[in-house]
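Scroll down for the structure; my scribbles are underneath it.
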Amino acid sequence: MSGSSYSSVTDLVPDTPDTTIGAVTGRTGPASAPASDPLVIGGTELTSRLIMGTGGAPSLDVLERALLASGTEMTTVAMRRLAPETPGSVLSVLRAHGIRVLPNTAGCYTAGEAVLTARLAREALGTDWVKLEVIADERTLLPDPVELLDAAQTLVDEGFTVLPYTNDDPVLARKLEDVGCAAVMPLGSPIGSGLGIRNPHNFELIAERARVPVILDAGAGTASDAALAMELGCAAVLLASAVTRAQRPELMAAGMRHAVTAGRLAYRAGRIPRRHFARASSPAEGTAEWGDPERPAVE
Amino acid sequence: MTSPRLDEPAATARITVNGATHEVSPDCTLDQLVTRLTSAPSGVAAAVNDTVVPRPQWTRTPLATGDRVEILTAVQGG
């Protein structure tokens, strides 16, 4: 998608009040609608609301084309042991296209492991941003809430900008925000499962009260999942497998880009309330009368 | 060959690097060790015994028998 076509879409949106709360139920929020509508995390503005992961791509070349098609401005990497035969670096791809690197702590099971990995990432990559992952077991890859909160507190105290991968638990999300996390990133469903958002209501609850960006961080399988996340009030979507393991990653990356944009626009526009019965959009007045005996009687 | 006397320096230091045992010279520094693994240590960080060693200190960080060294870099993931 070219930059110009993207601009033309956003230009069509009237400068109406932003609905930062209650968009799904039709209530409107504070009137503040910057035309550019940037995503702001820890004081840093990003134009794209799609954060990509780099895991699962069959090759660096496929990954590079998918990242470009996605329009992402920030992308995760993992920290692993340096091997002498380490092939072409994912970092060189990110640097070549000016994409921010977001190191994660994938594979860490304790707060201690995650904190040490974050410190190493900061040293290696020169960023104090970290996607904090502390998982409980290999089968579900679900976060360990106790270790996660512990690690988040430590890293915030050490000056990190912490983006925690968390359960879709409104209470835990609030506690992560309270210790100073720059965003909260609930999972829609287990990592790599493609099961979408299993508990949309929890996402609404989290997004309604959060003062930091809420980012769908796992489970997206296809474009409608990403759009739903944005409609529920997420500020951004982070995904990897849905794109990198799609049959045509570059095409899915473009689809996700459009879905995130569409979902965001719909959220800001404020959807119509759901109704039990139909509500005609054509006027009832002025309808012709034909005297057709087969016409049913009006109730 | 006679056994080394206790007051003599050991011929090598036995350290663990990324989980594997290595014999290095007793005056080997962290900087020399990383250079053995990669010629371009951009995007690389190292920890000795679970403590991150900032790169400017690598040349001043000697390695001794029993040290556990982890050398990490960024890979595709997440």
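Results, tabulated for the structure shown:
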| quantity | calculated |
| --- | --- |
| Assigned charges on the beta-carbon of Lys, Arg, Asp, Glu; chain A dipole about Cα centre (debye) | 280 debye |
| Per-residue average of Cβ from other chains inside 10 Å of A:123-132 | 3 |
| 0 to 90° range, to nearest 10: angle between helix A:200-209 axis and chain A longest Cα axis | 80 degrees |
| Two-site label geometry, A:Arg65 and A:Thr47: point separation in nm, points 7 Å out along Cα→Cβ | 2.4 nm |
| FRET E, pair A:Ile272, A:Ser92, Förster distance 56 Å, beta-carbon r, rounded to 0.05 | 0.70 |
| Derived scalar couplings ³J(HN,Hα) [region A:53-60; Karplus, 6.51 cos²θ - 1.76 cosθ + 1.60; whole Hz; x for Gly, Pro] | x, 10, x, x, 6, x, 7, 5 |
| Under 5 Å, built H, 5+ apart or other chain: amide partners of A:Arg100 | A:Met74, A:Thr75 |
| Potential extension, B:Ala20-B:Arg55 segment - 0.36 nm per residue separation minus Cα distance | 10.4 nm |
| Contact surface B-A: accessible area buried, both sides summed, square angstrom, 1.4 angstrom probe | 2200 Å² |
| Helix A:111-125 vs. chain A, principal-axis angle (Cα, 0 to 90°, nearest 10) | 80 degrees |
| Euclidean distance of C-alpha centroids, region A:253-292 and region A:108-126, integer Å | 48 Å |
| Packing-based ranking, highest mean first, of A:189-202, A:249-262 given that Cβ atoms within 10 Å are counted | A:249-262, A:189-202 |
| Other protein chain Cβ atoms within 10 Å, averaged over every residue that makes up A:68-78 | 2 |
| Chain A: antiparallel DSSP beta bridges as a percent of all, rounded to 5 | 15 percent |
| Förster radius 56 Å - calculated FRET efficiency between A:Ala280 and A:Thr110, Cβ distance, rounded to 0.05 | 0.40 |
| Inter-chain Cβ neighbour average for residues B:34-45, partner chain, 10 Å | 4 |
| Nearest-20 debye value, region A:192-251 charge dipole, Cβ charges on Lys, Arg, Asp, Glu | 120 debye |
| Among A:Pro145, A:Pro283, A:Pro164: highest mean-square fluctuation, GNM of chain A, C-alpha pairs under 10 Å | A:Pro283 |
| Net charge dipole size for chain B [Lys, Arg +1 and Asp, Glu -1 on Cβ; Debye, nearest 20] | 160 debye |
| Per DSSP, loop chymotrypsin sites (Phe, Trp or Tyr not before Pro) in region A:237-299 with at most 11 further Cβ within 10 Å | A:Phe277, A:Trp290 |
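The values are calculated or read from the model by the stated rules, or taken from the named source; none is laboratory data. Keep in mind that this is a model prediction, so the values were computed, not measured. With ideal geometry, Cβ positions are generated from the backbone for all residues, glycine too; neighbour counts draw on all protein chains shown. SASA here: full protein model, heavy atoms, side chains in, ligands and nucleic acids out. Shrake-Rupley method; radii C 1.70, N 1.55, O 1.52, S 1.80 Å.
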